[in-house]
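The values are calculated or read from the model by the stated rules, or taken from the named source; none is laboratory data. None of these values were measured; they are calculated from a predicted model. Counting neighbours? That spans all protein chains shown, and the Cβs are built from the backbone with ideal geometry, glycine included.
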Amino acid sequence: MTSTIITGGRVRTLDPNAPEAEALVLSGGRVLAVGDRDAMAEAAGPDARRIDVEGGTVMPGLIDTHPHVLHFGTLAGGLVDLTDAVDHADIVARIRAEAANTPPGEWIMCTPVGEPHYFVRRSERDLPERRLPDRWTLDSATDAHPVLIQAWAPRMPNVVAFNSAGLRAVGLTSFIPGRVCDVEIDKNEAGDLTGILRGPVTNYYTYDPFWGQILTKLPKPSMENAVAGTTAELARYAAQGVTTVYEGHAMEPEHIALYRQLRATDSLPLRVMATLDAESVIFYPFDPLPHGEFAARLEQLADQISDDGDDMLRVGGLTFSPGGPCFSGYFATYEPYADPFGKPTRGVRFLSLDKEETFIRFCAANGIRANLCLGAYREHDEFLDIAERVVREHDFRDRRWILQHAMTITPKQARRYAELGFQVTTSAGFAWGKGAMYGERMGTHLWRDLEPLHRLSDIGLDLAGGSDWGPKNPWEQIELAQTHRFAGSDHRNDGPDQKLSRIEALRMWTTGAAKVLGRPEIGSLAQGSHADLVIVDRDPVTCPVEDLRGTRVLRTLLGGRTVHDSGELSCPAEETQAVAS
C-alpha cells in the first residue's frame, strides 16, 4: 500500500502526548506515524508520495458540532444568491437572469442580502439605497414570475420584498390594512402596496398567524434543489477545513434519508453524525402532537437509529428542543423581557414538561444518547429537576448525553449537569450575534452567564464548538471563544468565566469535539487516527488572535483523500512526488 509523507512545515497534532512534529506519514486512510522529518522519511519508504506544505501548518480537520449543513443548504438550494449583491441594479440583473431560464408563473425565490445568518456585518441596509428594492423595481426584472427576497431567521424584526406578481400570488392587495398581527405591510402615499413587509417575516422560528398563512403559499424546496444545496454546503465546509459535522438539531427522517442518499453515491466530502428530533418545532405550521402520539413517535424513531460502524455516516441518539431563540421572543425566562415588538414575554415552551419527562425516561431506559437543546435559565432548571428524579431509577451517567446551546447557564446549573455526566456543544457565535440584543431586551446582567466557556470547562464539562447561525467561518468561531466580542461593536464579554486560551479554543473544534461525539479516532493526528487533516497558511496556535479569522485552508484531506484543494500548493493534490531514498 502506497504511503504519503507530509513535510515542509509545522505539524500541530493536538495530541497531548506529542503536540508538535516536523512530518507525518499517512497510509490506508490513517496516520501511520508522526515525528521528525528523517524518521518519517524512513517510515514512509522510498516509494511514498510527497506533499510539501511550503511553510504552512498541518493540523487535524475541524469538527463542527452544530452546523445545520443540510438545513441551510436545503433552504438556499435553487435560490437566487443575493448575499453579496452590491445595489438594486445588481439585484435586478440577477433575478432577470434567473427569469430567463424559469418557466413563466413559477416562483423565483431569493436569498436575503448580506451575511447569513445574523446579517449584522452586512445587510440590505448596507446597499447604496439603504433598503430592499420595492415591487416596481423588482417588476423591471420580471413581471411574469412571482418574486420574493426572503428573510432568514434568527433576526427579528426582519424585512422581505415581493414583486407585483408575488403579491398577487399570496393574495395581498391594497385593501389590506397596514398592519395585520405583527406584520407591517408597507404602502406609499397613494395607498399602494410597495411589496415590502416587515416584522416576524422570517422563513422559520415564526408563528405569526398572518405571516404563517403566507408561508403556506410559498413553494417548498424541491428534492433536486435540496440535494444540490446540501452538496454545495458540504463543499463549503470542506473548503473551510471541516472534516466532520454533527447534525444534532431539527433532523427529521427525510433529512436522514437525504444524507443516506449522498452516502450511497459516495458524495459525502466529510463525515456526518446525526440524531433525530423527538418532535420538530422550528417550521410553520407547528401543531404539538398529542402525548400518546409523541410516545409512539419515540418508538418509531428509535428503530431508525443505526450505528453500524460506518465511518462516514452514523445516526445515533434523539434530540429534544422545548424552546426557541430570544430574537423571536421564545427564550424561556423567569422575569418578563421585551419581545421583538416591545411586548412583555417570559418566552414559550413548545413541548410540554410531560413530554420532556417521557423523553428523558425513554432515553434512559433504552440506553439512547439524548441531546437537549436548552439555552435559558428556566429551561435548564425544568430539565434538571426531571433528570435528577429519573437518574435515581435509570443511571445514565455514562451514556454520553449532550447539552446543546447553553447560551446562558448559571454556575449551579453547570455543576448539576456535570454531576449527571453531561457534555456540552455550544457556539461562541451566540454571544457574537446576539449578545447586544440580550443586553437590550433582558438586561446586561445576563452577560455574566452568557457563553461561560471557561466556567463550563473548569467545572469538568467536555466542550465542543459549533457554528450554527454564524459566523460560518470556523476559524472566527475559534477566535470568538477567546475574545467573546460582540458583532457591530467593540464590546468584549471576555470575563474570567468566558475566556478560553488558544489551545482550549482549538480543542473545542478538534479533540474536545471528538470526545463529546465519542469518536476518539478523529480530532487529532495521533498515530492510528483517521487521516482527516487540513493544511493552512498560518499557525493557528501562535498567530495573533485577530488573524485567526483570515486563516486560508490550502488543502483538506479526509481519510487521506483530498476533498478540497485551493490550488496554492505547488504540488497538485493528484500529482504527488516520490520521496528520495
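Here are the numbers for this structure:
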item	result
Residue within region 186-208 that is surrounded by fewer than 19 Cβ atoms within 10 Å (Cβ to Cβ), within 22 Å of TRP509 (Cβ to Cβ) and either aliphatic (A, V, I, L, M) or under 22 Å from the mean Cα position of the chain (by Cα) (or both) present	no
Residue among ASP134, ASP143 that is free of Cβ contacts under 8 Å to residues at least 24 places away in the same chain, in contact with a Ser or Thr (Cβ under 8 Å, 6 or more places away or on another chain) and farther than 30 Å from ALA431 by Cα	ASP143
Residue in region 112-125 that is at pLDDT 95 or above, in a helix (DSSP H, G or I) and either crowded, with 21+ Cβ neighbours inside 10 Å or among the aliphatic types (A, V, I, L, M) (or both) present	yes
Unique match (being touching a residue at least 12 places away in the same chain (Cβ under 8 Å) and crowded, with 21+ Cβ neighbours inside 10 Å) among PHE341, PHE331, PHE350	PHE331
Residue in region 247-258 that is surrounded by fewer than 16 Cβ atoms within 10 Å (Cβ to Cβ), of a type in the set (Gly, Ala, Ser) and free of Cβ contacts under 8 Å to residues at least 12 places away in the same chain present	yes
Hits in region 98-123 - residues which are more than 21 Å from LYS472 (Cβ to Cβ) and without any contact (Cβ under 8 Å) to a residue 12 or more places away in the chain	ALA100, ASN101, PRO103
Criterion violated by GLN482 - all others in (1) assigned to a helix (DSSP H, G or I); (2) under 18 Å from the mean Cα position of the chain (by Cα); (3) closer than 18 Å to TRP432 by Cα satisfied	(2)
Failed item, numbered, when SER489 is tested on (1) farther than 25 Å from ARG121 by Cβ; (2) touching a residue at least 40 places away in the same chain (Cβ under 8 Å)	(1)
Qualifying residues in region 439-474 (those that are under 15 Å from the mean Cα position of the chain (by Cα) and surrounded by fewer than 23 Cβ atoms within 10 Å (Cβ to Cβ)) - the one nearest to GLN240 (Cα to Cα)	ASN473
Unmet requirement for TYR246, which otherwise passes all of (1) among the aromatic types (Phe, Trp, Tyr); (2) within 20 Å of PRO520 (Cα to Cα); (3) modelled with pLDDT under 95	(3)
Strands (runs of 3 or more DSSP E) enclosed by region 234-327 - at least 3 residues per element that are assigned by TED's automatic domain parsing to the domain that holds LEU463 and out of contact with any helix residue (DSSP H, G or I) (no Cβ under 8 Å at 6 or more places or on another chain)	313-320
